[in-house]
Amino acid sequence: MSAPKVSKVQNPLPASVVSKHPCDSALTDAQLTELLGMVPSARREDDPTGPVCGWQKTSTGATIGVGYLTNVSGGLSQVNDRQQGDAYYEALEVGGYPALAYNSTETAPVSDCHVAVGITDTVAYDVGFVVGGNRAGKQDPCDVAKIVAQDVLENLKAAAR
């Protein structure tokens, strides 16, 4: 299977929109409440790709992660190259920006899904969603990951104004 073709970013956002930590800027309390039914404590992490924030609803295990890929110089194209061997991947758009949905182990994601979005040709962000135990088999993780990706994009666009 060949890698999906990701398009170039047509209306890039300023790279500075990802200068804050995702725990401070990616999602609002209202968005977290809509997605998880509450605002869990944010878990700050940093990994080789850049800063990452995670929110987990302890009672169900539902988890949202957002990472700003500030140390990935090739942006979405580099993510695409790295994920092309995954069990599931699909080129798509989020709010008019090129994106890639992927899961490393499930050809039809049922437990978790990631969506990476290119906001410039060299800067991207990645969101992940893990389905909570109470929604296992009832909720498509990629559908929720796309909603999270759209929410993050709207917040980044607002930061660019």
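The values are calculated or read from the model by the stated rules, or taken from the named source; none is laboratory data. Note that the structure is a prediction, hence the values are computed from the model and not measured. With ideal geometry, Cβ positions are generated from the backbone for all residues, glycine too; neighbour counts draw on all protein chains shown.
Take the residues in the stretch 133-159 that are of a type outside the set (Lys, Arg), surrounded by 19 or more Cβ atoms within 10 Å (Cβ to Cβ) and in contact with a Leu (Cβ under 8 Å, 6 or more places away or on another chain); name whichever of them is farthest from Thr58 (Cα to Cα).
It comes out as Leu156.
Within the stretch 148-161, is even one residue over 21 Å from Trp55 (Cβ atoms) and either without any contact (Cβ under 8 Å) to a residue 12 or more places away in the chain or touching a strand residue (DSSP E or B) at 6+ places or on another chain (Cβ under 6 Å) (or both)?
Yes, the stretch 148-161 has at least one match.
Being in contact (Cβ under 8 Å) with a residue 60 or more places away in the chain and over 10 Å from the mean Cα position of the chain (by Cα): is that true of Val131 here?
Considered against the rule, which asks whether it is in contact (Cβ under 8 Å) with a residue 60 or more places away in the chain and over 10 Å from the mean Cα position of the chain (by Cα), Val131 comes out as yes.
Only one of Tyr68, Tyr89 is in contact with a Phe, Trp or Tyr (Cβ under 8 Å, 6 or more places away or on another chain), at pLDDT below 95 and aromatic (Phe, Trp, Tyr); which?
Tyr89
Would you confirm whether any residue within the stretch 39-53 is farther than 16 Å from Leu100 by Cβ and in contact (Cβ under 8 Å) with a residue 40 or more places away in the chain?
No, that holds for no residue.
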